[in-house]
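Here's the structure we're looking at; comments come further down.
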Amino acid sequence: MNAELIPSILSVSGDDLSRLGPDEAVDVIRELLWAEATRLGIGRTHINVPSAITVSDGGVDAEVRDAPTEGSSRTIKSGLTRYQIKTGRYSPYKRANVDKLLLTPRSLRQARELKPRIKSCLDHNGTLVIVLFGWDDPDTDEEASALVRRTLADVDMKYAAASVEVWRQNTIRGLIETFPSLALRLSGNGGARFQTHGSWTRNDDMTPKLVTGESQVQTIDDIRGELRRGDGFVHVRLFGEPGVGKTRLILEVLRPDDLRPLVVYCDAATTFIDSNLLNELLRESSSHAAILVIDECDQEQRSRIWNKLKFASPRLKLVTIHTDPDGASGETRFFEAPLLTAQEIARIIEGYGVVPYQAQRWAELCGGSPRFAHMIGLNLRDYPDDLLRTPDTANVFLRCIAAGQPIDSPEVQQRTLVLQHLALFKKVGYRQPYDAEARAVAALVAGVDPTITWPRFVSIVESLRRRRLLRGESTLYLTPKALHIWLWAQWWDKYGPAFDFERFSEQLSPRLVEWFNEMIVYARQSAEASRSVRDLLGPDGPFVQGDYLKRTQTAHLFFSLTQADPEAALRVLERTLARWDDAELREFTGGRANMVWALECIAVWRPLFPSAARLLARLAETEGELQLNHASQIFASLFAVSEWPAAATEASPEERFPVLQEMLASASPTRRRLAVGSLDHVLETSGQVRIGTAEQQGLRTEARLWQPATYWELYAAYRAAWDMLAQARGRVPAEEWADVLKIMTGQVRGLSRYHALAPMVLETLEAVADDPTSDRALLIETAHSLLRHEGQHLPEELRTRWSAFEERLIGHDFPSLLRRYVRMQLIEDLRGNDEGGGVNWQTQVDQLAANAVRQPELLTPEFDWLLAESIPNGTYFGYALGVRDESVMLLPLLVSGLKSRLFDRSAFVLGGYFRAVFERDGDRWERELDALAADEQLAVLVPIITCRSGLTERAVARVLTLAHRGIASVEDLRMFNFGGIPKSFTDRDAIEWLGSLRKNGDKVALAAALEFAAHRLHSPEPRETPPDLLLDLVMQDVLFQTDKSGRGIDLAFDWARVARALVDARPEYSLALARKLIEHFANDGAVSEKRSEAIPILEGALEEHPAEVWPMLALALGPPIDSRAWHLRMWLRGGFRHVENGGPAPLEHVPTELLWRWVDENTDQRAPYIATIVPPILHHETGRRCLARDVLIRYGNGEDVRRALMANFGTETWWGPESEHFRAKRESLLEFARQESEPAVRRWIDEYVVGLAFEVERARREEEREL
């Protein structure tokens, strides 16, 4: 038989064409034209094939306009080509058929008139092609064309030579068979092995919508650009991680009209290599045009296919896809399929109806893989209890592992076994110094399959790393996380029945055990893992012994077990922690945090809430300062309610609040306070948004955290919490009720914004107002603040009630108003009256003073508090009294009231009164103060009265006399340091004042003196003070002594201000100050503390007098190299401040000749030492010395010098990843070296960057294990 007559895989039969309907035929021509246009390099804009074939088309179904061809195409002619497509048994030899084809319907029997678009085509010297899908008689196409031309000539002789072609089936088949994609589509010969783009699109795993980011869009555009090249055979190689969506990406690449008709997709390279299609493409006469997409094509297979097809046809383009990256070679263009970002993955999951915040959580499982994102999204929608359920069409996990190989092949089986064992751990060390961890895992694998030796294990791991299922350099981890968890569950299902935790743990390092424990949270994915968890938490498990909970590592395991089985974990805690007494609970520190987190996780679940909350309360009431109220804060958060997502549990308030009710009734003050604090949290109406993740436990479906279904449900919760607090009145001690009332009043504004709750709030406060244990001032402030800020939003009736309540609380008689406006000073009072804050408080006080002057007897009953307390508005009230009491008739009454009190005398009112007297009659003021100073009982009040009323030389002398007599204390004198008083002193008085404080010699007195002097020296109009006195003051030894009291930094601020002014006035004094600072450098709590404001004085002296100060420093630098020497060295190199922001380091102020002279006196010892002191900076800045560079040039031949300088450069701080810091540092040094000409400097850099490279790798290894 003639081989040419044997049908090939690309053969299209007449029957294949005859069975096409009109729509299908037009579609075939459309794709044929697009395919041919791509082959010829013609733009798609030249081609028009309407889809609506029933719309009037003027006699034309398709057209190609202005095609720039030169006779090389049988399908598209140069210029204009229009196509009329017919299906069925249509014969061009019947005149009626031809007339109907060419002529308008109305002209068939009368005047011969061509259809408009046919006429237009011929008039423009175009070509008319009549495509007959159902006709294949033996006559030639030319005979049919001649018949058409005769009909055209009958219309008009100018069309007798028109360009007309008739395509029979044979012609159409020949054109189509040039394009394998079209041929396979029509013939169906490809079956499931070879698919067109349309068929490929309908594959189940290709149907999800493609989500792309910038990287994906760029890759798509780049690959399209390669495939549109017209310069011969093209091979595009796409590789990427399993599940990254490589196949789907290529499908999208080929979607445009010019590429889609050429596509032939094969899902496995083995299928293509053994196919007839390859044989057909390799025929010598082949001129096929196609884009072949070969999936699951490894390096060997793609090389084999490339080798065969490279010279087969310049119209062929090859796209191969595989997981493994392989080296670029030849003309192949390599592309890596980029991972999607977490946000893009979340968008995929959101497409399945998942809310955004949950989509972001589950995106972490996908590792940037859209395949896994679609699986997770589908399962969240349809199977929320089985997130790792695989689609019916394919097991995506096995597909990732097999990478195109048979799943049951030995290689895939061993690969799966290794992965399952690695998946037992969050991470596994692999390279030194952590390789012992990998060897431990390899030993576990060998116990199952002895043929997997260590070399074989490494080989498998390396192949998985190349495919990026395993990530990390020195420490391995599996990705995507969903695959990790699935493999973990597979191990448990297969090997879990024989698992023994104790024996298993003994084979592993503590870090591996920790990473094993962290994976336990996914135990619900495996029945066997769940059983093991139950055994560990059961009555025969290790946690029956409470000691297991007290160890940090096993407590961490318990936390993981809790997330896997909260019910069993709660039973453990009820058998252990619940039975511990307070002493044992207070001593419980090692595993405490893990227990708190575990109980938080347990409390999430509605049935478990009451027991978990009670246990957490036990931890909260027994926690010490070191626990930082950790349990208390979490306990309070369990009771949150809000219109926003704030609850930490499924339990409703009705189910939660009984726990607090029990605690309020407890005999324990600590438990009661804990309950009250939690109720405060409940009543917080603003800003409550949950940020915890306790409800995220493994892959378990998240708990449905409580949210109010209606506002009335929310109101009911607030009412219940409010009532519990209100009912505490009379049931708790007075001091606790004060705290409760403070909490209630603090929530008044928030609750009153809900009009449904506002009456309840007011009614409660009205009820407690008459209770003598209730803080009346607090209630007044609450009412006043509410009316000021929320009054306009309250209903009119309620606003009126609140106003009446405030008036009732304040009262209208003199004593009530005095207590309101003198004893109290509300924040609202200080804000003024601009926003409707009521009566101005000063006006009220003035009125009260006027009444008191008219009726002095009104004051006497109030002396118990008026003259005993440091009342906020006492001074102003006293001043108002003094202004109105021109005859000073009230003074004896006030003095008598003070003298009648043996203790708790307050001079606030009297100080204000005396100020009015001072302003009106200075002599009287002096006489009255003299009288008070002579009074043994009241002399102690004279300093404060003086400070609050006025200052004269006589007053200063009076106070100093009292100080000398021991009546006025240093603190009394220190009062005069504020309010601008120091600048009111005369110079003579100031000197005497300072002298008095100086003679005291006490550090507190010296601090007061420094503060006084600093205020005088730095006032807008500085007052002079003798420099010798100031020098004597700042040189006091006690100021430089180590002090752990915490007052040193305060001293340093004022000391520095005085010293700076002193040096400005007498520059020569800077040397004495420098010597003192060096002598006591870095004494904690002293003015010379290493970071104090005094140190710039030393640096200034060094800069101005280096020849004098450097010898002092050199002597202090040692030997001996003690703590002072170490701190001085650090300071000189620029420590204790940011050199880059603070100018040159202190050492840079020392001339180099002084430095080198000092070093050269003892080069062996001092050359390495100076290398540790120079600023750790290398630079080529003009006009600035680089001491580190100079040291290397001068002394760099010494290895000890080079090592010392490396140690100096290594003494540093940084922010961010350690590896990135060392990498940037290394790059900076290499960049410096490229501009450096000195051999000694280059040598040091070469040595140092070697060590830095090691540090980069070390840091990366450690970061890899911690992330």
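Data for the structure
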item	result
Given (1) of a type in the set (Val, Ile, Thr); (2) farther than 17 Å from Ser678 by Cβ; (3) in contact (Cβ under 8 Å) with a residue 60 or more places away in the chain, number of the condition Val641 does not satisfy	(2)
Test: residue in the range 449-468 that is among the aliphatic types (A, V, I, L, M), assigned to a loop (DSSP other than H, G, I, E, B) and buried (at least 22 other Cβ atoms within 10 Å of the Cβ)	no
Some residue of the range 678-692 being under 28 Å from Asp565 (Cβ atoms) and modelled with pLDDT of 95 or more	yes
Verdict on Ala646 being buried (at least 23 other Cβ atoms within 10 Å of the Cβ) and under 34 Å from the mean Cα position of the chain (by Cα)	no
Test: Pro610 is in contact (Cβ under 8 Å) with a residue 60 or more places away in the chain and under 24 Å from Tyr718 (Cβ atoms)	no
Any hit, the range 495-506, residues being part of a helix (DSSP H, G or I), at negative phi and within 36 Å of the chain's Cα centre (by Cα)	yes
Residue, nearest to Pro708 (Cα to Cα), within the range 649-663, restricted to residues that are touching a residue at least 60 places away in the same chain (Cβ under 8 Å) and buried (at least 20 other Cβ atoms within 10 Å of the Cβ)	Pro653
Subset of the range 1229-1238 (residues that are part of a helix (DSSP H, G or I) and touching a helix residue (DSSP H, G or I) at 6+ places or on another chain (Cβ under 9 Å))	Leu1229, Leu1230, Phe1232, Ala1233
In the range 1099-1110, the residues that are surrounded by 19 or more Cβ atoms within 10 Å (Cβ to Cβ) and of a type in the set (D, E, K, R)	Glu1099
Any hit, the range 689-701, residues being basic (Lys, Arg), in a loop (DSSP other than H, G, I, E, B) and over 24 Å from Tyr754 (Cα atoms)	yes
Single match in Glu790, Glu807, Glu796 (criterion: touching a residue at least 24 places away in the same chain (Cβ under 8 Å) and either surrounded by fewer than 19 Cβ atoms within 10 Å (Cβ to Cβ) or out of contact with any helix residue (DSSP H, G or I) (no Cβ under 7 Å at 6 or more places or on another chain) (or both))	Glu790
Close pairs from the range 750-762: first over 16 Å from Gly791 (Cβ atoms), partner acidic (Asp, Glu) and assigned to a helix (DSSP H, G or I), Cβ under 9 Å, at least 6 apart	Met760/Asp723
Wholly enclosed helices (runs of 4 or more DSSP H) of the range 272-352 bearing at least 2 residues at pLDDT below 90	276-281, 299-309
Matching residues, the range 153-168, being out of contact with any strand residue (DSSP E or B) (no Cβ under 7 Å at 6 or more places or on another chain) and crowded, with 21+ Cβ neighbours inside 10 Å	Tyr159
Options Gly232, Gly213, Gly198, Gly245; residue that is out of contact with any Cys (no Cβ under 7 Å at 6 or more places or on another chain) and either under 18 Å from Thr332 (Cβ atoms) or among the charged types (D, E, K, R) (or both)	Gly232
Residues located in the range 240-271, provided they are within 43 Å of the chain's Cα centre (by Cα), assigned to a helix (DSSP H, G or I) and over 26 Å from Gly368 (Cα atoms)	Arg260
Condition met for Pro1067 (farther than 26 Å from Glu953 by Cα and either part of a loop (DSSP other than H, G, I, E, B) or of a type in the set (Ser, Thr, Tyr) (or both))	yes
Residue within the range 114-124 that is over 60 Å from the mean Cα position of the chain (by Cα) and part of a loop (DSSP other than H, G, I, E, B) present	yes
Odd one out for Glu1181, checked against (1) in contact with a Phe, Trp or Tyr (Cβ under 6 Å, 6 or more places away or on another chain); (2) at pLDDT below 95	(1)
Residue identified as assigned by TED's automatic domain parsing to the domain that holds Glu1024, more than 30 Å from Phe978 (Cβ to Cβ) and at pLDDT below 95 among Glu1093, Glu1068	Glu1068
When residues of the range 844-885 are limited to those that are among the small types (Gly, Ala, Ser), assigned by TED's automatic domain parsing to the domain that holds Phe914 and surrounded by fewer than 17 Cβ atoms within 10 Å (Cβ to Cβ), the one nearest to Gly911 (Cα to Cα)	Ser870
Residue pairs meeting the criteria (Cβ under 8 Å; at least 6 apart or on separate chains; first modelled with pLDDT of 90 or more, in the range 996-1011; second surrounded by 23 or more Cβ atoms within 10 Å (Cβ to Cβ) and small (Gly, Ala, Ser))	Leu997/Ala1008; Leu997/Ala1009; Arg998/Ala1009
Yes/no for Glu1257 being within 30 Å of Glu437 (Cα to Cα), in contact with a Pro (Cβ under 7 Å, 6 or more places away or on another chain) and either modelled with pLDDT under 95 or not in a helix (DSSP H, G or I) (or both)	no
Residues within the range 584-619 that are small (Gly, Ala, Ser) and modelled with pLDDT of 95 or more, tallied	6
Selected residue [hydrophobic (A, V, I, L, M, F, W, C), out of contact with any Leu (no Cβ under 9 Å at 6 or more places or on another chain) and in contact (Cβ under 8 Å) with a residue 24 or more places away in the chain] from Leu277, Leu282, Leu340, Leu259	Leu340
The range 176-196: number of residues that are crowded, with 22+ Cβ neighbours inside 10 Å and in contact with a strand residue (DSSP E or B) (Cβ under 8 Å, 6 or more places away or on another chain)	8
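The values are calculated or read from the model by the stated rules, or taken from the named source; none is laboratory data. Since this is a predicted model, take the numbers as computed values, not measurements. Cβ: placed from backbone, ideal geometry, glycine included. Neighbour counts: every protein chain shown.
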